[in-house]
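The values are calculated or read from the model by the stated rules, or taken from the named source; none is laboratory data. Keep in mind that what you see is a predicted model, and the values were worked out from it rather than measured. All Cβ positions, even for glycine, are placed from backbone atoms using ideal geometry, and neighbour counts span all protein chains on display.
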There are 2 protein chains.
Amino acid sequence: MAKKNTKTQPAARQILDMNAFDAETSASTSSPLLQRRIANVGASAVLFYREPLEMVSASGSWMTAADGKRYLDFYNNVPSVGHTHPRVVAAVTDQISKLNINSRYLSSVVDLYLDALKATFPASLSNVVLSCSGSEANDLALRIAAATSRGTGIIVSENAYHGNTSIISDISPSALKRRKLPDHVVTVPAPSHAGQSGSIENAFAADMTRAIAELERRGHKFSAFICDSIFSSDGVYADPPGFLRKAVEIVHKAGGLYIADEVQPGFARTGEAFWGFARHGVVPDVVTMGKPMGNGFPMAGLTTRPDLLARFCEDTGYFSTFGANPVAAAAGMAVLNVIHDEQLQDNALRQGKHITARLLDLAAKDDRIAEIRGAGLFLGIELCRPGQKEQPDAELASSVINGLKDRGVLIGAAGRFGNTLKVRPPLSLTEQEADIFVDRLEEALSAIAAT
Amino acid sequence: MAKKNTKTQPAARQILDMNAFDAETSASTSSPLLQRRIANVGASAVLFYREPLEMVSASGSWMTAADGKRYLDFYNNVPSVGHTHPRVVAAVTDQISKLNINSRYLSSVVDLYLDALKATFPASLSNVVLSCSGSEANDLALRIAAATSRGTGIIVSENAYHGNTSIISDISPSALKRRKLPDHVVTVPAPSHAGQSGSIENAFAADMTRAIAELERRGHKFSAFICDSIFSSDGVYADPPGFLRKAVEIVHKAGGLYIADEVQPGFARTGEAFWGFARHGVVPDVVTMGKPMGNGFPMAGLTTRPDLLARFCEDTGYFSTFGANPVAAAAGMAVLNVIHDEQLQDNALRQGKHITARLLDLAAKDDRIAEIRGAGLFLGIELCRPGQKEQPDAELASSVINGLKDRGVLIGAAGRFGNTLKVRPPLSLTEQEADIFVDRLEEALSAIAAT
């Protein structure tokens, strides 16, 4: 069981800065393409690694760089059924050569997909609104909550990231740099510790009660609690399943909505369920989804109860030009079919267990591994100073990320202190690929210990 | 020259409702697919026509419905270089089968596109941020303006539509139903009349001065003026070129930014310039773009000055998962190449002139046509009561839209009173197709007159 992160440690790092290229410190080593990129996108550049990688192709779990070097992708949760999966490619190619229009015209391709998508949800969540990005989906979800609750108070986890629109940046502590969270946003710690309460579920419920009271104290009517049920950007907190239950009850009793942001844990990644919230036995009022939905085709959406959607639509017209176009629907349908036909949920569970078992063996030998957490193919490896589990070591995490890169494995980090490696390979991962990852991780950790 | 719309006319209609399917009145005639759609998307359904069309394929300027009937598409400005253009399809197919990743890795495909895109803009606008939708682009543009101006006051045109995120709905009068515009948003009339001022440019400048003063009176520091330079949702106001100049000077003197929303007029549609703002001889601080950018592939973006982007990025981290992926870049590059190689800007100008000349002939015979406005292949046909140019006739517009549908032509309407037909076919339109449109329009108008 994880303990609460001590707050006397290095200042929390911004998730967007973590492991990032820094134009100021790396300018002298810049490649021509990197210089061109910086000239093109300016201050908005967000690149991985001090020397960013130029990629040219990818297939399955592997990406190939411009210099011919191949990398095992343990970072990327967008091409979730495998890079350039032939069935998704074929579906997009077929549909985009036939018809690509907006949803003001009917197209059976779209409703075939909506029917299939809805079948994965609790029956109450029977209306779907497709959009282009998880940010757009969360933006709409917050407004559906506001229209219902007539409040603006939002509760998020301490290091949450929910997207990039204005109102969603405002509820994303990990995206803010010099800015502070607005007054109508209150945070709860990720469900990482039981404290005096006897269980993580009780502790999280108590935190929720406090957060609702804090909103009230500040004069903001409570509107919604939104969370990624695997708390990815907080450092990956998955266990025990069910820890959301009491908190969600409290949210509902206080008149708020529970919005499940499934952009990270959705689409079978946790192995134990198709959706992250389902591991906890709770039914959200709104579910948002994105990244892996089209295996890289830009698409996202939300599902909710018809009454909630109707309430919002009374006030404001909503239309997405690209949302629910038939090419997105074809991509999304191919993803659902591949997950089903290749039994990727089962594979995520199996490979996740295999990796976890091997990582626990490694942790038993290496006292810089504080904890292994997660579910299916969404794991967190918390790194600490040798033998001091309460001392997060972000420098070590950064060194491991770069050591793995040198050894042909791509991985990222998360958490308030940037010290938790995120293990998030394609769901089609083989056991052989899983072993390559753990072997390379062991090598990278050994090499760092030796220096 | 257009006169100011009288305000004693039928109440302004919501652009999203115009010509829309209405579940309550049309339920009895619903097809099974329509019933399925309503069950799937609920109150968010936005469909064209009382009996929405089911489409199955499209090519060039033509769409084919499920019953085999072909329609000439004069509405759709997303597949702007022609439906399912083979070069765009090939570019997407090729790239999506090779690599589709986020922009944290370098990819030369992306920078090839960014270089080409930037070459279409004034040199000062040298930083590009790609995103998924025009809404996201405008959402970011407003925040760039806020970070620079430290104000929140926004000026938009009376019937503007800029997108669907929370802060963008707030500045989109045409998307609001029961809601009112927030206090920090002030409108200016579309530049449709000279009034006492001697010119539309002077009248619009005077309106801008009044709007800035109104924001001040309300206690909101002025941040930005955002407009679609062809004022599409206001009813299409294009002439005379240059009418934005004095207003933009006033905006800059007052410390605000001028954001050019090029989602509608951009990418060569006006024939006279590649970008709508360029017709007016002004240089925006931020330009946003969307719809036709990828000919239907979901992509959008903005370009701005490096100093403005840097100022925003100091406060808030911005990253778009799907923005700047190589497949979007390949689609966008194909669009730029097709516009160039097929000389679509010239064609837009030529066909636009041809249609305008024919429409003016028609107007000389039919006193229900109040005015023909626009540039290139973005025209507005304002309809009025017979011989009464000041009396907008939305019912007539609706009848013409349905009459054209029966005759195999798709078209929409715009403007505060819903009485202006929007002529917006693919830029690859042939003269023969242009003639089909005008012939069918004449037939539809005759048929209505005869009843």
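Which pairs do you get when a residue that is surrounded by fewer than 24 Cβ atoms within 10 Å (Cβ to Cβ), found in the range A:260-274, comes within reach of a residue that is polar (S, T, N, Q), reach meaning Cβ atoms under 7 angstrom, with the pair 6+ apart or on two chains?
What qualifies is A:G271/A:Q345; A:F274/A:T120; A:F274/A:Q345.
Among B:G374, B:G317, B:G323, which is the only one that is in contact (Cβ under 8 Å) with a residue 40 or more places away in the chain, within 14 Å of chain A (Cβ to nearest Cβ) and not polar (S, T, N, Q)? Walk me through it before giving the result.
Values: B:G374 fails: within 14 Å of chain A (Cβ to nearest Cβ); B:G317 fails: in contact (Cβ under 8 Å) with a residue 40 or more places away in the chain.
The unique qualifying residue is B:G323.
Looking only at residues that are assigned to a helix (DSSP H, G or I) and not β-branched (V, I, T) in the range A:397-412, which one is surrounded by the most Cβ atoms within 10 Å (Cβ to Cβ)?
Narrowing the range A:397-412 to residues assigned to a helix (DSSP H, G or I): A:397-406.
The next check asks that each one be not β-branched (V, I, T); those that pass are A:397-399, A:402-406.
Values: A:A397: 29, A:S398: 18, A:S399: 17, A:N402: 16, A:G403: 19, A:L404: 23, A:K405: 21, A:D406: 12.
Restricting to residues being assigned to a helix (DSSP H, G or I) and not β-branched (V, I, T), the top hit is A:A397.
Being closer than 23 Å to B:S320 by Cα and either within 11 Å of chain A (Cβ to nearest Cβ) or over 20 Å from the mean Cα position of the chain (by Cα) (or both): is that true of B:N202 here?
On the way: closer than 23 Å to B:S320 by Cα: no; either within 11 Å of chain A (Cβ to nearest Cβ) or over 20 Å from the mean Cα position of the chain (by Cα) (or both): yes.
So B:N202 does not fit the description; no.
Out of everything in the range B:430-451 that is of a type in the set (S, T, N, Q) and assigned to a helix (DSSP H, G or I), what residue ends up being farthest from B:D346 (Cα to Cα)? Before you say what the answer is, go through the steps one by one.
The initial filter retains those residues of the range B:430-451 that are of a type in the set (S, T, N, Q), namely B:430, B:432, B:446, B:451.
Add one more test, that the residue is assigned to a helix (DSSP H, G or I), and what stays is B:432, B:446.
Numbers: B:Q432: 16, B:S446: 32 Å.
Across the range B:430-451, the extreme among qualifying residues is B:S446.
Looking at this structure, is A:A331 of a type outside the set (V, I, T), in contact with a Phe, Trp or Tyr (Cβ under 8 Å, 6 or more places away or on another chain) and either more than 8 Å from chain B (Cβ to nearest Cβ) or surrounded by fewer than 24 Cβ atoms within 10 Å (Cβ to Cβ) (or both)?
Details: of a type outside the set (V, I, T): yes; in contact with a Phe, Trp or Tyr (Cβ under 8 Å, 6 or more places away or on another chain): yes; either more than 8 Å from chain B (Cβ to nearest Cβ) or surrounded by fewer than 24 Cβ atoms within 10 Å (Cβ to Cβ) (or both): yes.
Yes.
Looking at (1) within 20 Å of the chain's Cα centre (by Cα); (2) surrounded by fewer than 24 Cβ atoms within 10 Å (Cβ to Cβ); (3) basic (K, R), which one does B:R424 not meet, given that it meets all the others?
(2)
Determine if the range A:217-227 includes at least one residue that is touching a Gly at 6+ places or on another chain (Cβ under 8 Å), closer than 30 Å to A:V89 by Cβ, of a type outside the set (G, A, S) and crowded, with 24+ Cβ neighbours inside 10 Å.
no
Take the conditions at the interface with chain A (Cβ under 7 Å from one of its Cβ atoms), more than 16 Å from A:P79 (Cα to Cα) and touching a residue at least 24 places away in the same chain (Cβ under 8 Å) and apply them to B:L130. Does it pass?
Numbers: at the interface with chain A (Cβ under 7 Å from one of its Cβ atoms): no; more than 16 Å from A:P79 (Cα to Cα): yes; touching a residue at least 24 places away in the same chain (Cβ under 8 Å): yes.
No, not satisfied.
In the range B:138-166, which residues are assigned to a helix (DSSP H, G or I) and surrounded by fewer than 23 Cβ atoms within 10 Å (Cβ to Cβ)? Spell out how you get there, then give the answer.
Just the residues of the range B:138-166 that are assigned to a helix (DSSP H, G or I), to begin with: B:138-149, B:166.
Those that are assigned to a helix (DSSP H, G or I) and surrounded by fewer than 23 Cβ atoms within 10 Å (Cβ to Cβ): B:R143, B:A146, B:A147, B:T148, B:S149, B:S166.
Say we look at the range B:35-62 and pick out the residues that are among the hydroxyl-bearing types (S, T, Y) and more than 7 Å from chain A (Cβ to nearest Cβ); which of these is farthest from B:T430 (Cα to Cα)?
B:Y49
Out of all the residues in the range A:407-451, which are within 28 Å of A:T84 (Cβ to Cβ) and without any contact (Cβ under 8 Å) to a residue 12 or more places away in the chain?
A:Q432, A:D439
For residues that are touching a residue at least 60 places away in the same chain (Cβ under 8 Å) and either closer than 27 Å to B:P52 by Cα or not basic (K, R) (or both), scanning just the range B:382-396, find the one that is surrounded by the fewest Cβ atoms within 10 Å (Cβ to Cβ).
Our first condition is that a residue be touching a residue at least 60 places away in the same chain (Cβ under 8 Å); within the range B:382-396, this holds for B:382, B:389-392, B:394.
Checking which are either closer than 27 Å to B:P52 by Cα or not basic (K, R) (or both) leaves us with B:382, B:390-392, B:394.
Working: B:E382: 27, B:E390: 13, B:Q391: 18, B:P392: 26, B:A394: 22.
Among those residues, the one meeting the criterion is B:E390.
Please tell me if B:A190 is in a loop (DSSP other than H, G, I, E, B) and of a type in the set (G, A, S). Even if it seems obvious, please write down each step before you answer.
On the way: in a loop (DSSP other than H, G, I, E, B): yes; of a type in the set (G, A, S): yes.
So B:A190 passes the test.
Looking at (1) touching a residue at least 12 places away in the same chain (Cβ under 8 Å); (2) within 9 Å of chain B (Cβ to nearest Cβ), which is the only condition A:S149 fails?
A:S149 satisfies all of (1) touching a residue at least 12 places away in the same chain (Cβ under 8 Å); (2) within 9 Å of chain B (Cβ to nearest Cβ) except (2).
Suppose we filter the range B:76-100 for residues that are at pLDDT 95 or above, touching a strand residue (DSSP E or B) at 6+ places or on another chain (Cβ under 8 Å) and either facing another protein chain (nearest Cβ under 7 Å) or outside any helix (DSSP H, G or I) (or both); how many remain? Reasoning before the result, please.
Going through the range B:76-100, the residues at pLDDT 95 or above turn out to be B:78-100.
Next cut, touching a strand residue (DSSP E or B) at 6+ places or on another chain (Cβ under 8 Å) only: B:78-85, B:88, B:92, B:96, B:98-100.
Checking the rest, the ones that are also either facing another protein chain (nearest Cβ under 7 Å) or outside any helix (DSSP H, G or I) (or both) come to B:78-85, B:92, B:96, B:98-100.
Total satisfying the criteria: 13.
Give me the pairs, please: first residue somewhere in the range B:287-314 and in contact (Cβ under 8 Å) with a residue 60 or more places away in the chain and within 8 Å of chain A (Cβ to nearest Cβ), second residue anywhere and assigned to a strand (DSSP E or B) and aliphatic (A, V, I, L, M), beta-carbon distance under 6 Å, and either six or more positions apart or on two chains.
Note: pairs meeting the criteria are B:G290/B:A300.
What's the total number of residues in the range A:296-320 that are modelled with pLDDT under 95 and more than 17 Å from A:N138 (Cα to Cα)?
2
From the residues in the range B:334-348 that are farther than 17 Å from B:P265 by Cβ and of a type in the set (A, V, I, L, M, F, W, C), which one is farthest from the other protein chains (Cβ to nearest Cβ)?
Checking each candidate, the answer is B:V338.
For the subset of the range B:106-127 comprising residues that are surrounded by fewer than 24 Cβ atoms within 10 Å (Cβ to Cβ) and in a loop (DSSP other than H, G, I, E, B), which member is farthest from the other protein chains (Cβ to nearest Cβ)?
Selected residue: B:P122.
Here is a list: B:K221, B:K177. Which entry is within 14 Å of another protein chain (Cβ to nearest Cβ), of a type in the set (K, R) and in contact with a helix residue (DSSP H, G or I) (Cβ under 7 Å, 6 or more places away or on another chain)?
Details: B:K221 fails: within 14 Å of another protein chain (Cβ to nearest Cβ).
Being within 14 Å of another protein chain (Cβ to nearest Cβ), of a type in the set (K, R) and in contact with a helix residue (DSSP H, G or I) (Cβ under 7 Å, 6 or more places away or on another chain) holds for just one of B:K221, B:K177, which is B:K177.
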